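Contents: one structure, followed by commentary.
Any read-out appearing in this document is the output of simple, stated calculations on the displayed coordinates, not a laboratory observation. Treat the numbers as computed from the prediction; the structure is a model and nothing was measured. Glycine also receives a Cβ, built like all others from the backbone with ideal geometry; neighbour counts cover every protein chain displayed.
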Amino acid sequence: MMKNPKRTKSSRPDAERVSSTALESRFVGAFSSLAPQRQRLIRSILENCEETCFLSSRELARRYRVDGATVVRTVQALGYKSFADFSADLRQHFVTRLTPYTVLKAATHQKGTLTDHIDRSFDKALQNLNGLRSELDRNRLIELARLIHGSTNILVVGLDLAASLAHLLAYGLSSLGFRALASSGGEGSVQQQVRLLKEKDVLIAISFGQCLKVVVEAVLRARERGVPTFGITDSDTTPIARYSDSHAVASIASPSFLSSYASPVTLIHAIHVTCAHLNPKRSLRQLEPTEKEYVSGTRWYREPKSIGGRKQ
């Protein structure tokens, strides 16, 4: 909980001294000039950011039983030119406070049976997919596909849980004949892989929320080398979104202690589809040699032939 900030640096709250968000810093700086009502309003918004970060100014006004003008003037008193700018910083504040523990703790407070929790996870995944479908800028995927088609190498950087997404994206692109590689190893390995990239290559970075330091630094190093970069992340305000040349947003919101990757997986499939259909003749040529293997190859499990009704 944020305490009343004072003018003196030594008496400022630990949260601000250690790692304040942009919104907290603005609140601390403007605190002494805010009326008590506005102080209480901002503090309550911050303390309940898991709910307030998705509300409009009118919805915030209804929630806190004030008029809409009060919300807007309070936001302006913090130095924001628009409510949209304030809302973006509030969402970023929420992300920095989000942990598996806080997510699961919030979910345990929801009433219902185990079946209800399962259904909520499905509902959230479907909501994420619907959001992806309605808000995705298709032109960005088309531009990425053209970039991939004109590239020499594609390095996909995704670590921890996102390593599975990086492998999926690289595997699909490799199947289409592109020289795609999912990053492997730790920080040193990723740095070396980025160091080998040239201007005709592409780096695709996958990270969400606060974003992993190694992945963000990979984007920054690639850009320094003149390598085109593309980010897959869950908000327009994440470091991956800010520092990549272009990006696509796929929500990973989930009532579980682990993120939901239904939307990012669907986005990756859409990238594969876009790359395949940008030049379908090329794609067919690349896939044709695998036709025989898929139809009759030894890769697949076959039931043993039976003689006299008995399996051999």
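With +1 on each Lys and Arg Cβ and -1 on each Asp and Glu Cβ, and nothing else charged, work out how big the dipole of the range 35-192 is about its Cα centre, in Debye to the nearest 20.
On the way: 20 positive and 15 negative charges, 105 e Å.
The dipole magnitude comes to about 500 debye.
Enter the Cα centre distance for the pair the range 112-130 and the range 48-78, rounded to the nearest angstrom.
Centre-to-centre distance over Cα atoms comes out at 28 Å.
With point charges of +1 on the Cβ of Lys and Arg and -1 on the Cβ of Asp and Glu, referenced to the Cα centre of the chain, which listed residue (V215, S151, C275) lies farthest in the positive direction of the dipole?
Working it through, the farthest residue towards the positive pole turns out to be V215.
Please get the size of the charge dipole for the chain, origin at its Cα centre, with Cβ charges of +1 on Lys and Arg and -1 on Asp and Glu, quoted in debye to the nearest 20.
So the magnitude is around 260 debye.
Rank-order 215-222, 171-178 by packing density, defined as the average count of other C-beta atoms within 10 Å over each peptide's residues, highest first.
With the highest mean Cβ count within 10 Å placed first, the list reads 215-222, 171-178.
With angles folded into 0 to 90 degrees, how steeply does helix 68-77 sit against the dominant principal axis of the chain? Use alpha carbons for both and round to 10.
Roughly 90 degrees, rounded to the nearest 10.
Helix 138-149: angle to the longest alpha-carbon principal axis of the chain, degrees 0 to 90, nearest 10?
50 degrees
How much mean residue ellipticity at 222 nm does the chain get from its helices, if each DSSP H run of length 4 or more adds -39500 (n - 2.57) and you divide by all residues, to the nearest 500 deg cm²/dmol?
So the helix-based figure for the chain works out to -17000 deg cm²/dmol.
For a quick check, take a GNM of the chain with Cα springs below 10 Å and name the residue from A182, A253, A30 with the largest mean-square fluctuation.
A30
In degrees from 0 to 90, rounded to the nearest 10, what is the angle of the helix 262-278 Cα long axis to the longest principal axis of the chain?
That works out to roughly 50 degrees.
Work out the charge dipole of the range 131-288 with +1 on the Cβ of Lys and Arg and -1 on the Cβ of Asp and Glu about the Cα centre, then indicate which of A166, G185, L203 is farthest towards its positive end.
Going by the charge dipole, the pick is L203.
Using Cα centres only, tell me the gap between the range 278-304 and the range 159-212 in whole Å.
First find each Cα centre; the distance between them is then 25 Å.
Taking the Cα centre of the range 157-268 as the origin, how large is its charge dipole in debye, to the nearest 20, when only Lys and Arg (+1) and Asp and Glu (-1) carry charge on their Cβ atoms?
Computed about the Cα centre, the dipole is about 300 debye.
Once Lys and Arg get +1 and Asp and Glu get -1 on their Cβ, which of T74, Q127, Q37 lies farthest toward the positive end of the dipole of the chain?
Checked the options; the winner is Q37.
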